1. Output the relative contact order of the stretch 54-167, whole-number percent, from Cα pairs under 8 angstrom with separation of 6+ residues.
2. For a quick size check, give me the Cα extents of the stretch 54-167 along its three principal axes, largest first, whole Å.
3. Rank the residues 54, 62 as a footprinting-exposure proxy: fewest other Cβ atoms within 10 Å of their Cβ go first.
4. Holding the Cα-Cα limit at 27 Å, pick out from 106/140; 82/125; 59/80; 84/152; 84/140 the pairs that are longer than that.
5. If the chain between residue 125 and residue 91 were fully stretched, how many nm would it gain, using 0.36 nm times the residue separation less the Cα-Cα distance?
6. Residue 153 versus residue 100, label points 7 Å from Cα toward the beta carbon: distance in nm?
7. Which ordering of 153, 90 is given by a fewest-first count of other beta-carbon atoms within 10 Å?
Amino acid sequence: MELTPEVQGSNLQAFEAAYLWEFFHNITTAIMQRRMLSKEDEAAVGADEVEVRREDQDKINRFSRLHQREIGLEDELKSKHKEKEDLDDVSGELELADEDDMIPYKIGDSFISLPLPEVQELLTKSTESIEGEVTMVEEKLSIIREEMTQLKVELYARFGRSINLET
């Protein structure tokens, strides 16, 4: 049989298809082996399996809700710290300004020109307000983390290694 360009092309395509199939098969097999439990782990899971009661499920759900709230509060805390840092930067810049200068101060969506001492006073109030908000968020986070720790203790005592509550 003479190898025409069409025959050569189809042989090449068949070779490429076979090579790709083997390549993806090997990758898939390797991934599945990493995901699968070892024989010892599989035996251990079945041996110490604990029934999940309604109160256990309620605790798991409570932990999940607290974890989500913790994530939201951590984001809010980062935002408040950034806002406070920005206010501190502005205060530092205003120390270099002239006493007689009119400074544009943002109120809502608009800027109002105010004398330097008034702007510094407003910035001080804003900074104090942000510090209070930061303290409040940190207190909420502390309360949430305490409750999460208590739930972890209770759930790990009941389920051992069968449950993963690490966040």
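What follows draws every value from the coordinates through simple rules; no lab data is involved. Predicted model only: the values in this text are computed from it and were never measured. Note: ideal-geometry Cβ built from the backbone for every residue, glycine included; neighbour counts use all protein chains shown.
1. Relative CO of the stretch 54-167 lands at 34 percent.
2. Principal extents (largest minus smallest coordinate, Cα): 69, 24, 16 Å.
3. Exposure proxy ranking, most exposed first: 54, 62.
4. Beyond 27 Å: 106/140; 59/80; 84/152.
5. 11.1 nm
6. So the two model labels end up 6.7 nm from each other.
7. 153, 90
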